[in-house]
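Asks: Following this message is one structure expressed as structure tokens.
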Amino acid sequence: MSVRQTQHRGILRPLLVVLGSILLFAYGVIALISQDPFWFLTRAAVPDPERIVIRVDGMETVLNAATPGYGQIVEATREALSAFKAWAPGSVGLSEATLQEYRQQGTILELYFSEPVDFHLPFDDGRPTALLIPIEGRFAGEGYVFRGKGGKWWAGQLTVRDPQPLLDALSALGYIRQ
């Protein structure tokens with residue numbers, strides 16, 4: 001073994017230790033901030049909703065586990081929430097005027113949970129127990145998902161990579177036309 005090979009090995013080990021320490025520190029900081037050790041999965045853990053509310057031009061339909069179509073929408077929601085366009089929330093919120101508009105026109109999907117949805121993203125997601133997804137009307141077509149809890153909707157939407165599974169399920173059940 002030459003002196004040069006020995007010097008390279010002597011430098012490589014401390015360099016790997018420093019790089020590993022930096023990565024471990026970064027992971028730990030993000031895990032603390034997000035309060036989620038699995039933040040890197042970027043796939044939402046969606047529990048079974050207590051109820052699903054579909055609003056189409058002022059007409060409200062409430063689904064529960066015993067209602068036909070419930071399972072189809074839950075699976076489509078899980079598939080849609082399996083990938084996001086960004087690792088941070090956007091800057092859009094729901095005003096009272098927008099919520100009033102949703103009560104009268106357009107199509108939205110609301111999901112209400114007894115336990116929080118965990119988005120597995122590198123920020124504190126607030127442990128939401130409600131999701132609102134615009135399907136037709138204001139903010140529709142963007143893949144936006146609004147989070148909420150206790151009757152309040154939060155600013156800072158998440159954006160799914162592909163909302164098509166939800167559109168397909170709602171179309172198959174007759175709530176929208178594609």
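Asks: Determine, yes or no, whether residue 76 is part of a helix (DSSP H, G or I), surrounded by 16 or more Cβ atoms within 10 Å (Cβ to Cβ) and small (Gly, Ala, Ser). Before the answer, list the steps.
Replies: Working: part of a helix (DSSP H, G or I): yes; surrounded by 16 or more Cβ atoms within 10 Å (Cβ to Cβ): yes; small (Gly, Ala, Ser): yes.
For residue 76, the condition - part of a helix (DSSP H, G or I), surrounded by 16 or more Cβ atoms within 10 Å (Cβ to Cβ) and small (Gly, Ala, Ser) - is met.
Asks: Another question about this same structure. With the condition kept exactly as written, say whether any residue in segment 143-157 is in contact with a Lys or Arg (Cβ under 6 Å, 6 or more places away or on another chain), in the same structural domain as residue 54 (by TED's automatic domain parsing) and outside any loop (DSSP other than H, G, I, E, B).
Replies: Quick first cut of segment 143-157, residues in contact with a Lys or Arg (Cβ under 6 Å, 6 or more places away or on another chain) only: 154.
So of that shortlist, the ones also in the same structural domain as residue 54 (by TED's automatic domain parsing) come out as 154.
Of the ones still in play, those that are also outside any loop (DSSP other than H, G, I, E, B) are none.
No, segment 143-157 has no match at all.
Asks: Just wondering, is there one or more residues in segment 105-122 that are within 25 Å of residue 174 (Cβ to Cβ), under 20 Å from the mean Cα position of the chain (by Cα) and at pLDDT below 95?
Replies: No, there is no match, as no residue in segment 105-122 is within 25 Å of residue 174 (Cβ to Cβ), under 20 Å from the mean Cα position of the chain (by Cα) and at pLDDT below 95.
Asks: Can you tell me which residue among 131, 167, 109 is within 25 Å of residue 48 (Cβ to Cβ) and either touching an Asp or Glu at 6+ places or on another chain (Cβ under 9 Å) or outside the structural domain of residue 61 (by TED's automatic domain parsing) (or both)? Show your work before the answer.
Replies: Working: 167 fails: either touching an Asp or Glu at 6+ places or on another chain (Cβ under 9 Å) or outside the structural domain of residue 61 (by TED's automatic domain parsing) (or both); 109 fails: either touching an Asp or Glu at 6+ places or on another chain (Cβ under 9 Å) or outside the structural domain of residue 61 (by TED's automatic domain parsing) (or both).
Residue meeting the stated conditions: 131.
The values are calculated or read from the model by the stated rules, or taken from the named source; none is laboratory data. Values in this document were obtained by computation on a predicted structure and should not be read as measured data. Counting neighbours? That spans all protein chains shown, and the Cβs are built from the backbone with ideal geometry, glycine included.
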